[in-house]
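One structure is given here, and the rest of the page talks about it.
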Amino acid sequence: MTPRRHRLAVAGVAVTAAIVVYGLATQVFPYHTTNHDEAVYLQQAAMLLEGRLFLDPPVTDAFRPWFFVEAGDGRLYPKYSPVPAAMFAVGKLLGSARVALALAAGGVVALTVRVGTELFDRRRGLLAGVLLLGSPLFLVDASVFLPYVPTTLWNLAFAAAYLHADRTESRASAVAAGVAIGIAFFARPYTAVLFAAPFIAHALWTLRELEREPLVRQGLTAALGIVGVAVALGHNAVMTGDPLRFPYQVFAPMDGPGFGLREIAGYSREYTPMLALRSNAEALWVYATRWVVGGALGTLAAVLGFAAATRRGLTPQQATVAGIAVTVPVGNLFFWGTLNTLGELDRAGDGLVHTLGTYYHVDLLVPTVVFGSVGLTVAWERLRQTVRRRSWASARHVAAALVLSGTLCTGLGVAMVAEPVSDNAAVTDRYERAYEPFEERALDDALVFLPTPYGDWLGHPFQALRNDPGYDDGTVYALGERQFAVVDAFPDREIYRYTYRGPWSPTTGETVEPRLQRVDHASGETVRQETTLGVPRFAERVSIRLASENGSGYTTADAAGRESLSLQLTLDGERAALTGEGLDRTVVPLADRERLVLSAFVDYGTGAGFTYRFELPVEADDGRVRVLTPYAEVCRDGRLCGGEAAYVPGSHEDGVWIETTLTTP
């Protein structure tokens, strides 16, 4: 293949990778994935575009995004390095953050071809790029806003430049290698060290005779790599006040490499060497059989290629790239993140590995596809020799077998890619249902309170709902903490509450029924909530409980023959009083800030029934009271009550319905 044809072929494969990844990113992952780190990087990218390293929310407790750290003065900063976010920000400048994903994917493929060409020849290098393009792990993780493929881009740039400098004695390439590995270290330090370790060993080997030229080249690479390390440490100093303390350590001091107790965000495990061996062995098995191009056949091709290269005599450069297949798995033994991606080890398909693959092993694709290309060419050459030695009839049989095998392998490769794409598409369908209320109306001047199924975090799980870094553009999203302080910070915005009915579990096939509820804000010396509840046929009794932090009261109503039950809840600066037809007046005291709970159990007289439940945000101060429209639930399953049983207006046919208004008499 001539150099010109080779360059055109490489460009074609790289452009194909960019187009495929852009298509996957927009069509399969429009609402992002089950890994909620994506929202962190996208929030960080938006901050960088506005020149911010910190968020300064008006109410810190109500605006803390997932994986953000409080600086101590109310400001927030992400636990991650800004390098991947900066790459995504470049995409936004070009029109869409997903453009950055496409460009990174094309770059990774092109650089893989370059590495393969440096180690072997143009044909094998190009084939390595094609194999990478067919690998599910690459396609899926290149299509999402996670740092693994972007970091691989810098690692590969380092590898390609280093190998070129070693072959040609180019100092410019040595400089490029140093810059690339420095950026990779800034992006993901541990990942960069694992990737670079075999190259460091090779560099030391080249210095064994202390010749001037290798000393100069390796010195340039090392010096510029150290500059990257210095920049990373400087970033630490700005963010955490200590150059040797990374932001992720502030967020979760026990989340780094090592054995023993590991912990993050309230989740902890005792990470032992035996558990490390077991979890990483399972991860490597999943990688080798599901996430490599062609699954086990692709892994077998890589093994065959390495064996063939070894028989012919591995060059130091080939041995260096093969070393990545050692340092990456061994290094991941010391990090409990691989265990977390697998979920429960005894239950298949419940971890992030099911939809995103073994993303901590993305760099392992480099030696896999490079040596896989060697294995395939060796197998092809042996088949050609076999055909030449046989008679025409036998050759036809071999050719037929070859066509059949090629068809089967191609089908297997497509199936390996289709499975994770299909699984992620199914999750996206459930996300699409959950986000329907936001697609149906304009909310640029709205304040929306979000639920917290995974704790008090924004973007966890609702990644598509993110704030502008200045909180002054588009929709403002807030948690239910200090709601009145949030309302006061945005007095001119319409208020909504996003709720849903059903368990939030998109990976297990659950689909929620969402609601975007308009919220009224009433204040005065007295506020009244008028509530009417539907009473189904055969209901016999309604038991009502009103509870504040300082007391509770109970009353009952006869439900026989009723179609509805009207309740009046009157609140002033000191108390809340519940009245209604056929009810005993019930009074509870109010504190300065309350979350008043009103519940009504509709009893069918057989022990069966359901509960209407209301949570009212209340604030009393200086003889006045403020109230927001309550969060309303219909609890048929007590396990979902208090977050996943929202009342969604619909048909009154079953007799279960709610109407509620706030007034200031």
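Couple of notes before you dig in:
- Counting only strands (runs of 3 or more DSSP E) that sit wholly inside the stretch 549-665, those with at least 3 residues that are more than 45 Å from the chain's Cα centre (by Cα) and modelled with pLDDT of 90 or more are 551-558, 564-571, 575-580.
- Within the stretch 327-338, at least one residue is crowded, with 21+ Cβ neighbours inside 10 Å, over 18 Å from Val378 (Cβ atoms) and among the β-branched types (Val, Ile, Thr).
- Boolean, Pro57 is crowded, with 18+ Cβ neighbours inside 10 Å and in contact with a strand residue (DSSP E or B) (Cβ under 9 Å, 6 or more places away or on another chain): yes
- Residue in the stretch 68-82 that is among the aliphatic types (A, V, I, L, M), touching a residue at least 60 places away in the same chain (Cβ under 8 Å), outside the structural domain of Arg482 (by TED's automatic domain parsing) and in a helix (DSSP H, G or I) present: no
- Across the stretch 1-36, the number of residues qualifying as within 22 Å of the chain's Cα centre (by Cα), assigned to a loop (DSSP other than H, G, I, E, B) and without any contact (Cβ under 8 Å) to a residue 24 or more places away in the chain comes to 0.
- Gly305 being closer than 24 Å to Ala105 by Cα and not assigned by TED's automatic domain parsing to the domain that holds Thr507: no
- The number of residues in the stretch 238-273 that are under 20 Å from the mean Cα position of the chain (by Cα) and surrounded by fewer than 17 Cβ atoms within 10 Å (Cβ to Cβ) comes to 6.
- Residues of the stretch 252-290 satisfying the condition of being more than 26 Å from Phe67 (Cβ to Cβ) and of a type in the set (Lys, Arg): Arg278, Arg290
- Helices (runs of 4 or more DSSP H) fully within the stretch 285-359 counting 3 or more residues that are without any contact (Cβ under 8 Å) to a residue 12 or more places away in the chain, closer than 30 Å to Arg167 by Cβ and of a type outside the set (A, V, I, L, M, F, W, C): 296-312
- Being over 28 Å from Gly51 (Cβ atoms), surrounded by 18 or more Cβ atoms within 10 Å (Cβ to Cβ) and within 19 Å of the chain's Cα centre (by Cα) is a property that Pro514 lacks.
- Only residues that are buried (at least 19 other Cβ atoms within 10 Å of the Cβ) and touching a Pro at 6+ places or on another chain (Cβ under 7 Å) were counted in the stretch 431-463, giving 6.
- Ala425 being in contact (Cβ under 8 Å) with a residue 12 or more places away in the chain and surrounded by fewer than 18 Cβ atoms within 10 Å (Cβ to Cβ): yes
- Residue within the stretch 451-460 that is over 22 Å from the mean Cα position of the chain (by Cα), under 16 Å from Ala62 (Cβ atoms) and not polar (S, T, N, Q) present: no
- Just so you know, in the stretch 243-255 the residues that are touching a helix residue (DSSP H, G or I) at 6+ places or on another chain (Cβ under 9 Å) and in a helix (DSSP H, G or I) include one that is farthest from Tyr267 (Cα to Cα), and it is Pro247.
- Subset of the stretch 177-187 [within 21 Å of the chain's Cα centre (by Cα) and surrounded by fewer than 24 Cβ atoms within 10 Å (Cβ to Cβ)]: none
- Among all positions in the stretch 118-127, there is at least one residue which is in the same structural domain as Leu365 (by TED's automatic domain parsing), over 27 Å from Arg52 (Cα atoms), among the hydrophobic types (A, V, I, L, M, F, W, C) and not in a helix (DSSP H, G or I).
- Just one of the listed residues (Ser552, Ser564, Ser505) is without any contact (Cβ under 8 Å) to a residue 12 or more places away in the chain and surrounded by fewer than 16 Cβ atoms within 10 Å (Cβ to Cβ), and it is Ser505.
- Taking (1) under 25 Å from Ala237 (Cβ atoms); (2) surrounded by 23 or more Cβ atoms within 10 Å (Cβ to Cβ) in turn, Tyr80 satisfies each apart from (2).
- Restricting Tyr498, Tyr471, Tyr477 to residues that are hydroxyl-bearing (Ser, Thr, Tyr) and more than 23 Å from Thr428 (Cβ to Cβ) narrows the list to Tyr471.
- The single residue among Thr499, Thr507, Thr526, Thr475 that is in contact with an Asp or Glu (Cβ under 9 Å, 6 or more places away or on another chain) and assigned by TED's automatic domain parsing to the domain that holds Thr570 turns out to be Thr526.
- Odd one out for Arg208 among (1) surrounded by fewer than 16 Cβ atoms within 10 Å (Cβ to Cβ); (2) touching a helix residue (DSSP H, G or I) at 6+ places or on another chain (Cβ under 8 Å): (2)
- Only one of the listed residues (Leu146, Leu131) is in the same structural domain as Ala196 (by TED's automatic domain parsing), crowded, with 23+ Cβ neighbours inside 10 Å, outside any helix (DSSP H, G or I) and not basic (Lys, Arg). That residue is Leu146.
- Considering Gly51, Gly72, the condition of being modelled with pLDDT under 95 and out of contact with any helix residue (DSSP H, G or I) (no Cβ under 8 Å at 6 or more places or on another chain) is satisfied by Gly72 alone.
- Complete set of residues in the stretch 623-647 that are in contact with a Lys or Arg (Cβ under 9 Å, 6 or more places away or on another chain) and charged (D, E, K, R): Glu633, Glu644
The values are calculated or read from the model by the stated rules, or taken from the named source; none is laboratory data. Since the structure is predicted, the reported quantities are computational estimates derived from the model, not experimental observations. Ideal geometry is used to build each Cβ from the backbone, glycine not excepted, and the neighbour counts take in all protein chains shown.
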